[in-house]
1. Where is the GNM fluctuation largest for the chain (alpha-carbon springs, 10 angstrom cutoff): GLU151, GLU29, GLU119?
2. Just in region 124-179: which chymotrypsin sites (Phe, Trp or Tyr not before Pro) are loop by DSSP and have at most 12 other Cβ atoms within 10 Å?
3. What is the list of residues in region 136-160 whose amide nitrogen lies under 14 Å from a point 7 angstrom out from the Cα of LEU24, following Cα to Cβ?
4. Given (i) 1.04; (ii) 0.99; (iii) 0.96 as candidate values of Rg/Rh (Cα atoms, Kirkwood Rh), which corresponds to the one derived from the coordinates?
5. Ordering ASP184, ASP159 from largest to smallest accessible area (1.4 angstrom probe), what's the sequence?
6. Restricting to region 1-133, compute how many DSSP beta bridges are antiparallel as a %, nearest 5.
7. Zone of ILE14 (label point 7 Å along Cα→Cβ, backbone N under 12 Å): which residues in region 30-58?
8. Report in % the part of the accessible area of the chain that belongs to carbon and sulfur, leaving out ligands and nucleic acids; probe 1.4 Å.
Amino acid sequence: MDDARVDVTTVEIIGGAEARKLELHSYDEQWVVAYRGHRRRIAEALAAVRVDIEHIGSTSVPGLAAKPIVDIVLTVDDITAEKDYLPALLAAGYELRVREPGHRLVRTPERDVHVHIYERNDPAVGEYLLLRDHLRGDARDRALYESTKRELLSRQWNDMNDYAEAKTDVIREIKARARAARGD
């Protein structure tokens with residue numbers, strides 16, 4: 001019998017595109033408090049599962065203005081084994097928003113916490129941490145990223161995913177400098 005699991009092959013966005021008013025807020029230490037509370041909530045819900053949990057995104061970078069949405073990355077052994085983690089997260093009060101190859105996203109009903117789920121050792125997790133760690137230590141790139149976000153948020157966005165996509169080039173540039181700084 002073949003134990004290989006097959007991941008989803010399409011992107012499913014539960015509830016469809018959402019037009020939301022996006023605003024940057026000055027850095028708020030309460031974002032770390034919120035992260036810690038959700039970290040505990042997730043760890044308790046998934047006590048029987050081996051997971052890693054990290055605070056990512058702009059709310060994880062002291063001094064960086066951000067949308068007031070706490071981003072968390074959660075890694076599991078097998079992204080396709082949803083029965084091992086998804087029911088417990090839903091029971092803990094999160095809602096499934098995205099199911100796509102290699103990635104799931106659950107969020108709070110208030111939409112103020114997004115939990116990105118990946119398989120352990122997925123390169124995307126390292127990319128999140130690379131950007132976070134670099135922005136924490138590099139004031140120039142932190143200022144560049146913030147000014148880019150401010151300019152982009154001056155526009156109208158019909159979907160948050162479009163806003164996120166518009167930041168891609170500057171994120172790529174910053175990560176290239178981060179790699180160079182650490183000698184990659």
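The values are calculated or read from the model by the stated rules, or taken from the named source; none is laboratory data. This one's a predicted model, so the numbers in the text were calculated from it and none came from an experiment. Don't worry about glycine lacking a Cβ; one is built from the backbone with ideal geometry, like all the others, and counts go over all protein chains shown. Accessible surface areas use protein heavy atoms only, side chains included; no ligands, DNA or RNA. Shrake-Rupley method; radii C 1.70, N 1.55, O 1.52, S 1.80 Å.
1. The residue with the greatest mean-square fluctuation here is GLU151.
2. Qualifying residues, ordered by number: none.
3. Counting backbone N atoms under 14 Å from the label point, the list is 140-155.
4. Only one listed value fits the structure, namely (iii).
5. These residues rank, largest area first, as ASP184, ASP159.
6. Percentage antiparallel, nearest 5: 70.
7. Of the residues in region 30-58, none has backbone N under 12 Å from the label point off ILE14.
8. 48
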